[in-house]
1. What tally of residues in the range 273-287 results from selecting those that are in contact (Cβ under 8 Å) with a residue 40 or more places away in the chain, open to solvent by 30 Å² or more (accessible area, probe 1.4 Å) and either over 17 Å from the mean Cα position of the chain (by Cα) or closer than 17 Å to Ile203 by Cβ (or both)?
2. List the number of the failed condition for Arg261; all other conditions in (1) free of Cβ contacts under 8 Å to residues at least 60 places away in the same chain; (2) buried (at least 23 other Cβ atoms within 10 Å of the Cβ); (3) more than 11 Å from Ala196 (Cβ to Cβ) hold.
3. Every residue in the range 87-133 that is touching a Lys or Arg at 6+ places or on another chain (Cβ under 9 Å) and without any contact (Cβ under 8 Å) to a residue 12 or more places away in the chain, please.
4. Please work out which one of (1) open to solvent by 40 Å² or more (accessible area, probe 1.4 Å); (2) away from the ligand (no atom under 16 Å from the Cβ) is the condition Leu134 fails and give its number.
5. For the range 288-303, which residues satisfy the criterion of being in a loop (DSSP other than H, G, I, E, B) and open to solvent by 10 Å² or more (accessible area, probe 1.4 Å)?
6. Quick one: would you say Asn275 is closer than 20 Å to Leu102 by Cβ and within 16 Å of the ligand (Cβ to nearest atom)?
7. Say we look at the range 120-141 and pick out the residues that are hydrophobic (A, V, I, L, M, F, W, C) and part of a loop (DSSP other than H, G, I, E, B); which of these is nearest to Ile246 (Cα to Cα)?
8. Take the range 145-164 and flag every residue that is outside any loop (DSSP other than H, G, I, E, B) and either at pLDDT 95 or above or buried (at least 16 other Cβ atoms within 10 Å of the Cβ) (or both).
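The values are calculated or read from the model by the stated rules, or taken from the named source; none is laboratory data. Just so you know, these numbers come straight off a predicted model, no measurement behind them. Don't worry about glycine lacking a Cβ; one is built from the backbone with ideal geometry, like all the others, and counts go over all protein chains shown. In case anyone asks, the SASA skips ligands and DNA or RNA and just uses the protein heavy atoms, side chains included. Shrake-Rupley method; radii C 1.70, N 1.55, O 1.52, S 1.80 Å.
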Amino acid sequence: MSLTTLAPGATIGIIGGGQLGRMSAMAAARLGYHVHVLSAEPDPPAQDTAHRVTIGAYDDEAVLRAFAQSVSAITFEFENISASGLDLLASLCPVHPAGSILAISQDRILEKSFLGDHDIPVADWVSVPDRDALPEAVASLGFPFILKTTRFGYDGKGQFRIADQEAIDALAAHLPYPLIAEGFVDFERELSVMVARNEAGEIRCFSTTENQHRDGILDYSLAPARIPVALAEEAQRLAAHIATTIGLVGIMGVEMFVSARGALLVNEIAPRPHNSGHWTMDACLIDQFEMHIRAVAGLPLPDPFRHSDAAMKNLIGFEGVGLCDAVLAQPGLALHLYGKHETRAGRKMGHVNALFPLGALPGPYGIAARFDQALKPALEIAQEP
Ligand code: AMP
């Protein structure tokens, strides 16, 4: 098989016009590429940074055909594209990562099955196609457990924590089947690894990252994670193993739990740039977006060269927008805004990165001390357990 490398001046197509597309387009421009974004929403955040934007439906055959014919390779920042749409695109133009990978990540049951089939540890789970399957979930998982929609869930949406039989009796008739039931992981912390792989099989992992969520949405990330080196390396090995076995070309976020007993369990994979990799924009010579574009364009994947430890704080909704002036006024913080015109509760409006000398990521108080009084209340960094 001959490997294709895109020459500078080539156009990369990105499906989805959100902040991940916006920041991917910036990285592509740095490498001399043009970007053509396809967005279903008008006024997408990526319109400020892309060379060209088409507003059109992801299932409109004519739109997809014209889009594929205008670019040299296609990638996506948005996971809910139909399999038939991706097949059509792939018949006209290289698509990275492949549609088969997206199909796995789109469906929690396919995802858990794929991971289990390749000896990747995951939480116990049971398929719940309809309410008749709920007793089996109770019998095999016990209380509490979590029900999740098999498709289209994100940022904790489509999840139901089931504490006891009363909760099932109250919800069973109203749940959006098909679902997956997952054993509740009493995790010690959450981690993620961003892993990139190109067609030549080169693989790079960014430092294992520690993530804290609030209301189901990523609140902040710390890199490197405050865990033993051996566990951080094990997380990277798992991510690299998934990237190889799934045939990844591009970048992928692998989300994991550290169980109470210190074991790693993979929660989900996202074959695209990922919010928990935003710290790389200021703490690495080559960030997650450039690594992704390099992989898609068939370029070499060098060591990303992390020169600093980092804390990334998401700016979410009105509270996040309200922090911007304080972030701008404070030295040592890098502000990234996504150009979204409308602020809504729970909407990711931007993020802020703080850097620390290598090996000197301080404890929670030290990190908070880096942010001024206005920011501290929003920075509830978890204490060491
Ligand atoms: P997900 O949509 O699967 O990424 O889940 C969103 C968040 O819900 C995760 O980051 C965890 O904080 C929590 N969560 C998901 N699955 C589980 C589980 N099986 N046990 C405990 N917490 C979970």
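1. Taking the range 273-287 first, the residues in contact (Cβ under 8 Å) with a residue 40 or more places away in the chain are 273-284, 287.
Within this subset, residues satisfying the condition of being open to solvent by 30 Å² or more (accessible area, probe 1.4 Å) are 281-282.
The next check asks that each one be either over 17 Å from the mean Cα position of the chain (by Cα) or closer than 17 Å to Ile203 by Cβ (or both); those that pass are 282.
Residues in the range 273-287 being in contact (Cβ under 8 Å) with a residue 40 or more places away in the chain, open to solvent by 30 Å² or more (accessible area, probe 1.4 Å) and either over 17 Å from the mean Cα position of the chain (by Cα) or closer than 17 Å to Ile203 by Cβ (or both): 1 in total.
2. (2)
3. If the condition is that a residue be touching a Lys or Arg at 6+ places or on another chain (Cβ under 9 Å) and without any contact (Cβ under 8 Å) to a residue 12 or more places away in the chain, then no residue fits.
4. Leu134 satisfies all of (1) open to solvent by 40 Å² or more (accessible area, probe 1.4 Å); (2) away from the ligand (no atom under 16 Å from the Cβ) except (1).
5. Of all residues in the range 288-303, those in a loop (DSSP other than H, G, I, E, B) come to 298-303.
Listed by number, the residues that qualify are Gly298, Leu299, Pro300, Pro302, Asp303.
6. Values: closer than 20 Å to Leu102 by Cβ: yes; within 16 Å of the ligand (Cβ to nearest atom): yes.
Answer is yes for this residue.
7. Taking the range 120-141 and keeping what is hydrophobic (A, V, I, L, M, F, W, C), we get 120, 122-123, 125-126, 128, 133-134, 137-139, 141.
Now restrict to residues that are part of a loop (DSSP other than H, G, I, E, B): 120, 122-123.
Numbers: Ile120: 12, Val122: 16, Ala123: 20 Å.
Among them, the one singled out is Ile120.
8. Applying the first criterion (outside any loop (DSSP other than H, G, I, E, B)) to the range 145-164 yields 145-149, 159-162.
If the condition is that a residue be outside any loop (DSSP other than H, G, I, E, B) and either at pLDDT 95 or above or buried (at least 16 other Cβ atoms within 10 Å of the Cβ) (or both), then Phe145, Ile146, Leu147, Lys148, Thr149, Phe160, Ile162 are the ones that fit.
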